[in-house]
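Take a look at the structure set out below.
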Amino acid sequence: MPEIVADDLNSGDLDQTRPDRRLLLVLLIVPVLLSLAAVWALDHTRANKSLFSITNLVGPTTRSLLAGDGITVCTEEMGTRGNPICFHAARMPATAVVVASGIRLLGDRYLPVVCFKTILLLLPVEFAIYLAWCCLPQPPGRRAVAILLLLVPFLIPAFLADVTNLQVDEGFSYSFLALATAILFLNRAAVGSTRRTSLRGIGKALLFAVALDGLYLSKSGMLLAVLVLLVGFLALEKQTRLRWLVLLLVAAAPLGWALHQHHASGRYSVGTSFDGINLHKGNNAGFLQNYPPVHGDSLDWYDFELNRGVSFPDEWSFNDYHRRAALEYLRTHPRETLSGDLRKLKILFFSFEKYGSTANSGARRLIEIAGMLTFRLIFWTATASAVFLLLRHCLPADRSLRVAAATFLALVAASTLPYLAGFAYTRHVSILIYPSALFCCRLLCEPERD
């Protein structure tokens, strides 16, 4: 268990903490209730659906894992009609492991397993909320804003889609990212509080390393983000032994995955055998005609066109062909590549529409747009504040706040760069909703200065 250090409290302080503890209870319960309500709203029509039929190869890889065959699936679904390919290294393990665990516990029952996944992946977010509660500011106005920041993401459909989703990696990576950023942004502020408890020592190091390993094992594209967060931790941590502990534990995940990849598929890789086609999807002659996809659609239907006239003996020849084709397009079409990148930037940072998922209409669409507006407001407030802190060297901000600001900006770049290289949907940036809110909370935790 993480080491929690508590400061001494006199009787007056104890009286003051009672309403604070009730507030903590509210902050922990409300996200769970809102998330489970979203599960019902989004998934109750799938109650009779088999979990083994989930798309994005989640269902087949889960079946394979339960059968003891690893994360393996032989399929034509990647646009290779008449040429089934056996993929052993196409998906990171977190998704299949969580869904398989849910089936072991609850059976092939869609709604119970979605609820299981939702609550399980909310646990890291709940700890992030706890760390934010540890340093809530006392001035009522700032305190109210901080509380709002912790709860509002659970009213944003793009974020709730991650919280409840079984079939996309972001439905798992969002959680570990929230925990890692909370430890990095908020824990030092909590340690400085005389009214609260805080996470320290080896407990902090272990929890941070687990968060980064979970983030990477949920989605290999988050490896750059893992490195950014790791550098931020090393910059703040003063104890050499804890630095080495975190460094070794974080390095164990990609090294272990590379060894698994070699054993399962014959190649050492810290990525997946889908990386090539994901790059090709965003860099080909038809991209500008097909992107952004119409609402409710994705680019998956175009896989067949990218594979037309080619056959593949195995997953790595499939990966390598698409990687070479994408790199050749990038080399020979710089103007089209720039136009595509500008569209991706718009989707990632400016669009109020949601792309790459089911389409909504009527009141649901208005709620969705309102949620995106809220997300953009929180995100750009956090981004502008971080830039301001770094540019205004005369500000009396402490070093931990400057490191937090630099880490947040680097995290935004690292989290979105893989999708600028490939293709971007709204869900690829929605994982930054809670880190943005947590960074704003960190700013509010700063003591008021004369």
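The values are calculated or read from the model by the stated rules, or taken from the named source; none is laboratory data. In this text the structure is predicted, and so the values were computed from the model without any measurement. For neighbour counting, all protein chains shown are included, and Cβ atoms are generated from backbone atoms with ideal geometry for every residue, glycine included. Side chains are part of the model used for accessible areas, which takes the heavy atoms of the whole protein and leaves out ligands, DNA and RNA. Shrake-Rupley method; radii C 1.70, N 1.55, O 1.52, S 1.80 Å.
Could you list all residues from the stretch 422-436 that are within 9 Å of residue 170 (Cβ to Cβ) and part of a helix (DSSP H, G or I)?
Once the filter is applied, which keeps residues that are within 9 Å of residue 170 (Cβ to Cβ) and part of a helix (DSSP H, G or I), the stretch 422-436 yields 427, 428, 430.
Quick one: which helices (runs of 4 or more DSSP H) lie wholly within the stretch 136-234 and hold at least 3 residues that are open to solvent by 20 Å² or more (accessible area, probe 1.4 Å) and either at pLDDT 95 or above or among the β-branched types (Val, Ile, Thr) (or both)?
Where helices (runs of 4 or more DSSP H) fall fully within the stretch 136-234 and carry at least 3 residues being open to solvent by 20 Å² or more (accessible area, probe 1.4 Å) and either at pLDDT 95 or above or among the β-branched types (Val, Ile, Thr) (or both), they are 140-151, 201-218.
Return the total of residues in the stretch 110-122 being in contact (Cβ under 8 Å) with a residue 24 or more places away in the chain and open to solvent by 10 Å² or more (accessible area, probe 1.4 Å).
3
Determine, yes or no, whether residue 97 is open to solvent by 50 Å² or more (accessible area, probe 1.4 Å) and assigned to a helix (DSSP H, G or I).
Values: open to solvent by 50 Å² or more (accessible area, probe 1.4 Å): yes; assigned to a helix (DSSP H, G or I): yes.
Against the criterion (open to solvent by 50 Å² or more (accessible area, probe 1.4 Å) and assigned to a helix (DSSP H, G or I)), residue 97 qualifies.
Hey, residue 344 hits all of (1) in contact (Cβ under 8 Å) with a residue 60 or more places away in the chain; (2) in contact with a Leu (Cβ under 7 Å, 6 or more places away or on another chain); (3) over 21 Å from residue 293 (Cβ atoms) but one; which does it fall short on?
Failed condition: (3).
Which one of these does residue 427 not meet: (1) open to solvent by less than 50 Å² (accessible area, probe 1.4 Å); (2) touching a residue at least 40 places away in the same chain (Cβ under 8 Å)?
(1)
If you take the residues in the stretch 44-73 that are under 22 Å from the mean Cα position of the chain (by Cα) and open to solvent by 10 Å² or more (accessible area, probe 1.4 Å), which one is modelled with the highest pLDDT?
My answer is 71.
Of all the residues that make up the stretch 38-73, how many are in a helix (DSSP H, G or I) and either closer than 28 Å to residue 93 by Cβ or in contact with a helix residue (DSSP H, G or I) (Cβ under 9 Å, 6 or more places away or on another chain) (or both)?
Counting residues in the stretch 38-73 that are in a helix (DSSP H, G or I) and either closer than 28 Å to residue 93 by Cβ or in contact with a helix residue (DSSP H, G or I) (Cβ under 9 Å, 6 or more places away or on another chain) (or both) gives 20.
I need the helices (runs of 4 or more DSSP H) fully contained in the stretch 254-369, keeping only those with at least 1 residues that are open to solvent by 60 Å² or more (accessible area, probe 1.4 Å), out of contact with any strand residue (DSSP E or B) (no Cβ under 7 Å at 6 or more places or on another chain) and at pLDDT 95 or above.
Of the helices (runs of 4 or more DSSP H) lying wholly inside the stretch 254-369, those with at least 1 residues that are open to solvent by 60 Å² or more (accessible area, probe 1.4 Å), out of contact with any strand residue (DSSP E or B) (no Cβ under 7 Å at 6 or more places or on another chain) and at pLDDT 95 or above span 275-281, 315-332, 334-349.
Go through (1) within 19 Å of residue 229 (Cβ to Cβ); (2) buried (at least 21 other Cβ atoms within 10 Å of the Cβ) one by one and return the number of the condition residue 383 breaks.
(2)
For residue 125, state whether it is more than 22 Å from residue 53 (Cα to Cα) and either touching a residue at least 24 places away in the same chain (Cβ under 8 Å) or of a type in the set (Asp, Glu) (or both).
Working: more than 22 Å from residue 53 (Cα to Cα): yes; either touching a residue at least 24 places away in the same chain (Cβ under 8 Å) or of a type in the set (Asp, Glu) (or both): yes.
Here the answer is yes, as residue 125 does meet what is asked.
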